[in-house]
1. Mind listing whichever residues of the range 1-28 are among the small types (Gly, Ala, Ser) and either buried (at least 18 other Cβ atoms within 10 Å of the Cβ) or in a helix (DSSP H, G or I) (or both)?
2. Which of the residues that make up the range 29-41 are loosely packed, with under 12 Cβ neighbours inside 10 Å and of a type in the set (D, E, K, R)?
3. Restricting attention to the range 29-46, which residues are at pLDDT 95 or above, in a loop (DSSP other than H, G, I, E, B) and farther than 15 Å from Ala2 by Cβ?
4. Restricting to the range 16-48, what's the tally of residues that are among the hydroxyl-bearing types (Ser, Thr, Tyr) and either under 8 Å from the mean Cα position of the chain (by Cα) or at positive phi (or both)?
5. Among what's in the range 48-70 and is within 20 Å of Met1 (Cβ to Cβ), surrounded by fewer than 16 Cβ atoms within 10 Å (Cβ to Cβ) and hydrophobic (A, V, I, L, M, F, W, C), pick the residue that is modelled with the highest pLDDT.
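The values are calculated or read from the model by the stated rules, or taken from the named source; none is laboratory data. Predicted model only: the values in this text are computed from it and were never measured. Heads up, the Cβs are rebuilt from the backbone with ideal geometry, glycines too, and the neighbour counts pull from every protein chain shown.
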Amino acid sequence: MAKTYTTVQGDMWDSIAYHQLGSEAYADKLIALNPKYRMLYTFPAGIVLTLPEAERKTANSLPPWKRRST
C-alpha cells in the first residue's frame, strides 16, 4: 500500500519531500506522483498526497571518506 501524507496549511513540495522522505531532491518524484496538484506552490490543509518510495542508501553509495576500510 502506498504511503500518503495529508498537507498542513503552508506546506510546500520541497518541505514535504524533506520532512517525509529525507531530502528536497525527492520533490520532483513527489510532484510526478501527484500531477493533479502540480500547479500549487503552497498547499492548503487537508490535501492527501501519495509519497514516492525513498531510495535506500547502501554502503556503496557513501562517499569514499565515509566508507569503512576493511
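1. Filtering the range 1-28 down to residues among the small types (Gly, Ala, Ser) leaves 2, 10, 15, 17, 22-23, 25, 27.
Within the range 1-28, Ser15, Ala17, Ala25, Ala27 qualify.
2. Within the range 29-41, Lys36, Arg38 meet the criteria.
3. Arg38, Met39, Leu40, Phe43, Pro44, Ala45, Gly46
4. Residues of the range 16-48 among the hydroxyl-bearing types (Ser, Thr, Tyr): 18, 23, 26, 37, 41-42.
So of that shortlist, the ones also either under 8 Å from the mean Cα position of the chain (by Cα) or at positive phi (or both) come out as 18, 23, 26.
Residues meeting the conditions: 3.
5. Val48
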